[in-house]
Amino acid sequence: MKAWIFRRYGGPEVLEWAELPEPVPRKGEIVVRVVAAALNPLDWKLRAGQYRFMTAGRLPRGVGSDYAGVVESVGEGVTRLTPGDPVVGRLNPLTSRHGAMAERVCATQAHAALKPPSLSFADGAALPGAGMTAVQSLRDARLAAGKRVLVVGAAGGVGSFAVQLAKDTGARVTAVASTDGQAFLARLAPHRAIDYQREDWKALAERFDIVFDASGTSTFPECRRLLAPGGTYVHTLPNAALFGWSWWLKLTAKERCVPVMERPNRADLVTLVRLAAVGRTQSVVTRIGGPGDVPALQRAMEGGHNRGKIIVRFAPDS
């Protein structure tokens with residue numbers, strides 16, 4: 001089978017469309033014929049070597065972690081899925097040597113969910129990483145109906161899911177994106193949309209129960225004044241300073257600072273699939289390419305200002 005891998009760290013030029021042995025499932029694993037896979041910012045950051053200290057320098061590595069496809073074979077102990085089942089799933093991007101940007105992938109049953117017929121493979125592949133990050137961030141922020149939520153980076157993958165999930169819960173959502181992202185943002189229908197190139201969202205007079213930065217462009221001190229009493233600041237690209245603020249606020253203030261790193265969780269994935277299948281969230285797919293487009297798509301994503309999710313199609317929908 002063919003798969004995208006990299007044998008050394010660097011730019012998109014280190015990516016290689018390589019011939020690899022057919023995957024064989026071990027205990028608790030499934031082999032999936034990939035129909036569609038999604039790009040995530042973490043993909044190019046791993047390729048660039050930004051997380052080599054967390055991956056122990058294991059090379060070569062596969063590319064991508066979010067997939068949708070059809071189960072071809074199962075390993076010992078797999079009882080929930082059978083060959084022929086359409087599934088949506090996620091690999092652990094830090095520990096898995098396999099990548100979703102491949103004709104086939106070996107994945108764990110524990111992190112895969114059945115794909116209902118009403119959900120396309122492309123939309124299914126868009127759900128796991130970005131969607132679970134949004135679900136877990138909003139849950140950690142104690143989202144509830146009636147809360148005022150500010151989503152920064154709302155036209156990106158995580159942000160676009162956050163806008164929809166917060167609205168579905170009954171929150172009032174203010175969404176921040178660039179000028180180019182406003183048309184995409186309008187599809188999600190936030191209660192208010194802000195073009196950060198024309199209006200300084202950090203100077204807003206309104207106060208929010210949740211400030212959710214999915215873009216990684218703010219700091220807690222910059223956003224603290226935007227928080228209502230007891231409000232929560234959520235950041236999906238945590239660093240040492242954020243963890244420090246999180247600890248300090250627990251001791252000294254009612255406001256909270258919540259650094260979030262997405263955790264593979266089948267229950268959260270099943271929730272996302274169900275919401276998408278019944279139309280409570282809409283597609284955030286904005287671009288679909290073929291296997292040969294992966295280096296160029298990664299280069300474009302690395303350049304920033306992405307809208308929604310970028311998908312690579314490896315096979316036609318069955």
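Yes or no: Gln197 without any contact (Cβ under 8 Å) to a residue 40 or more places away in the chain and among the polar types (S, T, N, Q)? Yes. The set of residues from the range 299-312 being surrounded by 16 or more Cβ atoms within 10 Å (Cβ to Cβ) and either outside the structural domain of Val88 (by TED's automatic domain parsing) or not in a loop (DSSP other than H, G, I, E, B) (or both) comprises Ala300, Met301, Glu302, Lys309, Ile310, Ile311, Val312.
Within the range 24-53, if we keep just the residues that are part of a helix (DSSP H, G or I) and touching a Ser or Thr at 6+ places or on another chain (Cβ under 9 Å), the residue that is surrounded by the fewest Cβ atoms within 10 Å (Cβ to Cβ) turns out to be Leu42. For the range 50-69, how many residues meet the condition of being modelled with pLDDT of 90 or more and within 24 Å of Ser215 (Cβ to Cβ)? Looking only at that region, the number is 4.
Just one residue in the set Asp200, Asp168 is surrounded by fewer than 19 Cβ atoms within 10 Å (Cβ to Cβ), within 19 Å of the chain's Cα centre (by Cα) and at negative phi; that residue is Asp168. For the range 7-23, a tally of residues being part of a strand (DSSP E or B) and either at pLDDT below 95 or charged (D, E, K, R) (or both) returns 2.
Going by the structure shown, is Ser120 touching a residue at least 12 places away in the same chain (Cβ under 8 Å), closer than 21 Å to Gly308 by Cβ and not assigned by TED's automatic domain parsing to the domain that holds Val32? Judged against the criteria, Ser120 is not a match.
The set of residues from the range 136-159 being assigned to a helix (DSSP H, G or I), closer than 12 Å to Phe212 by Cβ and in contact (Cβ under 8 Å) with a residue 60 or more places away in the chain comprises Gln136, Ser137, Leu138, Asp140, Val158.
Criterion applied to Ala315, Ala296 was being of a type in the set (A, V, I, L, M, F, W, C) and assigned to a loop (DSSP other than H, G, I, E, B), and the one residue passing it is Ala315. Only residues that are assigned by TED's automatic domain parsing to the domain that holds Ala154 and part of a helix (DSSP H, G or I) were counted across the range 236-278, and they come to 13.
Among the residues of the range 165-200, those identified as part of a helix (DSSP H, G or I) and within 21 Å of Thr133 (Cβ to Cβ) are Leu165, Ala166, Lys167, Asp168, Thr169, Phe184, Leu185, Arg187, Leu188.
Among the residues of the range 206-246, those identified as at pLDDT 90 or above and of a type in the set (A, V, I, L, M) are Ile210, Val211, Ala214, Leu226, Leu227, Ala228, Val234.
Table: residues versus (1) surrounded by 11 or more Cβ atoms within 10 Å (Cβ to Cβ); (2) hydroxyl-bearing (Ser, Thr, Tyr); (3) in contact with a helix residue (DSSP H, G or I) (Cβ under 7 Å, 6 or more places away or on another chain).
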position: Leu242; (1), (2), (3): yes, no, yes
position: Ser246; (1), (2), (3): yes, yes, no
position: Leu249; (1), (2), (3): yes, no, no
position: Glu255; (1), (2), (3): yes, no, yes
position: Pro259; (1), (2), (3): yes, no, yes
position: Ala267; (1), (2), (3): no, no, no
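Residues that are touching a Gly at 6+ places or on another chain (Cβ under 9 Å), over 12 Å from Ile30 (Cα atoms) and crowded, with 24+ Cβ neighbours inside 10 Å: does the range 104-112 have at least one? The answer is no, given that none of the residues of the range 104-112 is touching a Gly at 6+ places or on another chain (Cβ under 9 Å), over 12 Å from Ile30 (Cα atoms) and crowded, with 24+ Cβ neighbours inside 10 Å.
The values are calculated or read from the model by the stated rules, or taken from the named source; none is laboratory data. What you see is a predicted model, and the numbers here were worked out from it, not measured in a lab. Cβ atoms come from the backbone with ideal geometry, glycine included; neighbour counts cover every protein chain shown.
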